[in-house]
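Scroll down for the structure; my scribbles are underneath it.
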């Protein structure tokens, strides 16, 4: 996937906002999330975009998303199986995301003006 933009968490609320903003500007990102069926529906609705299945708790799936020259936009937040946030998810996140550069964080804005 060299030289591509990957939206990780594309099927979620924030991922959907990022996807809409990118496609409005003519960008065709790779969509990534856990649920293959939801990804396929979302991709079909946006002109058959490329998809990739990945889970924040699976380090190998994350490393396969982006390579040198790619941009990975992560819109996910890991949660425990009981859907609560806590120490377990922090440990899992640190383990799964080690080796990725998360220094550039997007801050949500109220409105993104169209170009």
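The values are calculated or read from the model by the stated rules, or taken from the named source; none is laboratory data. On a predicted model such as this, the values are computed, not experimentally measured, just so you know. Here the Cβ positions follow ideal geometry from the backbone for every residue, glycine too, while neighbour counts run over all protein chains shown.
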**Study point:** Candidate set from region 13-28 (those that are in contact (Cβ under 8 Å) with a residue 40 or more places away in the chain and surrounded by 17 or more Cβ atoms within 10 Å (Cβ to Cβ)); member that is nearest to the chain's Cα centre (by Cα)
**Key:** 15
Check your understanding: Within the bounds of region 94-106, is there any residue that is surrounded by fewer than 15 Cβ atoms within 10 Å (Cβ to Cβ), modelled with pLDDT of 55 or more and in contact with a strand residue (DSSP E or B) (Cβ under 8 Å, 6 or more places away or on another chain)?
Key -> no
Review point. What's the number of the condition residue 32 fails, among (1) free of Cβ contacts under 8 Å to residues at least 40 places away in the same chain; (2) more than 17 Å from residue 66 (Cα to Cα)?
Key: (2)
Point to revise | region 46-62: number of residues that are outside any helix (DSSP H, G or I) and surrounded by 11 or more Cβ atoms within 10 Å (Cβ to Cβ) | key: 11
Revision key, fill the gap. Picked from region 29-44 (must be closer than 17 Å to residue 58 by Cα and out of contact with any helix residue (DSSP H, G or I) (no Cβ under 7 Å at 6 or more places or on another chain)), the residue surrounded by the most Cβ atoms within 10 Å (Cβ to Cβ) is 32
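Could we say that residue 39 is part of a strand (DSSP E or B) and under 15 Å from the mean Cα position of the chain (by Cα) here?
no
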